[in-house]
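Report on the following structure.
The values are calculated or read from the model by the stated rules, or taken from the named source; none is laboratory data. Fair warning: this is a prediction, and the values are worked out from it, not measured in the lab. Every residue, glycine among them, receives a Cβ derived from its backbone with ideal geometry; neighbour counts consider all protein chains shown. Please note that ligands, DNA and RNA were not included when accessible areas were found on the heavy atoms of the full protein model with its side chains. Shrake-Rupley method; radii C 1.70, N 1.55, O 1.52, S 1.80 Å.
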Amino acid sequence: IQSDVAQQLKDAASRGVRICVASVPHRADNIVRALPELRGRVMAIDLEYWGRRDLLQIPKLGCPLLGLEVDSASLQMFATEAAGSPQLMQSICLWMCNHLGMRETADPARAVTLDELARKEILFLTSCTVDFRSLVRALIAGPKVKANERKMYVHHDGRTGDVYLTVMRAVAMEPKLTCDKDELMGRLDILCNGASPDAARVVRACSTLGQIASGFAAPTGPSLEWDEAAQTVVLSDPYLLFYLRWSVALEREAETLG
């Protein structure tokens, strides 16, 4: 119905009504695509996800108030994993403080360096506050088929998965909210040691994943989409990407299949 809506917007605008249309970033030009006559009559105001420098301001401002100094490498990693979400960065900082036993301002001040195990534990605990179990189960299950009908792929860590689980593990390999087909195929080659699904099968799987996600969509839209025109997987919700990367749900499923 976008074309009809766009026409109504044009008619209202011609009567002096000012209209603000909110869109997720990868759909920002939908209103103009729906009605090309609006081209040149619409002003775009882009509100991007937070950059890593902005996200780092959260611990840089908060930690000194607790008398806490955390190593830069850990904070950089946390800002990367937050994927542009300040709320997610705040949650990571909360669980970092819980991990360190910080309940009040330290006196004297305390300096800590988090090792890899501590970082992973903090990120895992943060993922426990994010619940996408129903959606992720549906995504990795894919459409219903008879048993043993799907080809299985061996992953570089010895785990296995069909095309849906394999694609989801590839999507979760990097903390990036978008992944075009070429990048996805590159990740799949790494994940499957070169024996990855072919491009046509991957595109079909991505399209199906987008359809499944749309069935779980909140009023603000689905958390995962397949942009057919751009041939790109889009995770519009940073929390879903974080859950995929740190909840171990995908690894657990791959171990079960293996």
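In region 77-89, the residues that are without any contact (Cβ under 8 Å) to a residue 40 or more places away in the chain form Cβ pairs under 6 Å with partners that are outside any helix (DSSP H, G or I) and open to solvent by 20 Å² or more (accessible area, probe 1.4 Å), at six or more places apart or across chains, as follows: P86/W50.
On the basis of being in contact with a helix residue (DSSP H, G or I) (Cβ under 7 Å, 6 or more places away or on another chain), open to solvent by 30 Å² or more (accessible area, probe 1.4 Å), over 30 Å from V171 (Cβ atoms) and of a type in the set (D, E, K, R), does E69 make the cut?
Details: in contact with a helix residue (DSSP H, G or I) (Cβ under 7 Å, 6 or more places away or on another chain): yes; open to solvent by 30 Å² or more (accessible area, probe 1.4 Å): yes; over 30 Å from V171 (Cβ atoms): yes; of a type in the set (D, E, K, R): yes.
When the stated conditions are applied, E69 passes them.
Taken across region 147-156, residues that are open to solvent by less than 60 Å² (accessible area, probe 1.4 Å) and at pLDDT 90 or above do occur, with at least one present.
Being touching a residue at least 12 places away in the same chain (Cβ under 8 Å), in contact with a helix residue (DSSP H, G or I) (Cβ under 8 Å, 6 or more places away or on another chain), open to solvent by less than 30 Å² (accessible area, probe 1.4 Å) and of a type outside the set (K, R) narrows it down to one of A230, A172, so name that one. Step through it out loud before you land on a result.
Details: A230 fails: open to solvent by less than 30 Å² (accessible area, probe 1.4 Å).
Of A230, A172, the one residue that is touching a residue at least 12 places away in the same chain (Cβ under 8 Å), in contact with a helix residue (DSSP H, G or I) (Cβ under 8 Å, 6 or more places away or on another chain), open to solvent by less than 30 Å² (accessible area, probe 1.4 Å) and of a type outside the set (K, R) is A172.
Looking at L61, L66, L56, can you tell me which residue is touching an Asp or Glu at 6+ places or on another chain (Cβ under 9 Å), over 21 Å from V234 (Cβ atoms) and modelled with pLDDT of 85 or more? Steps first, answer last, please.
Values: L61 fails: touching an Asp or Glu at 6+ places or on another chain (Cβ under 9 Å); L56 fails: touching an Asp or Glu at 6+ places or on another chain (Cβ under 9 Å).
Unique residue meeting the criteria: L66.
Filtering A217, A199 for residues that are over 17 Å from A141 (Cα atoms), modelled with pLDDT under 90 and open to solvent by 30 Å² or more (accessible area, probe 1.4 Å) leaves a single hit, A217. The numbered conditions (1) closer than 27 Å to W246 by Cα; (2) within 30 Å of the chain's Cα centre (by Cα) are all true for R33 except (1).
Would you confirm whether any residue within region 128-139 is over 30 Å from A200 (Cα atoms) and either surrounded by 19 or more Cβ atoms within 10 Å (Cβ to Cβ) or in contact with a helix residue (DSSP H, G or I) (Cβ under 7 Å, 6 or more places away or on another chain) (or both)? Scanning region 128-139, I find at least one residue that is over 30 Å from A200 (Cα atoms) and either surrounded by 19 or more Cβ atoms within 10 Å (Cβ to Cβ) or in contact with a helix residue (DSSP H, G or I) (Cβ under 7 Å, 6 or more places away or on another chain) (or both), so the answer is yes.
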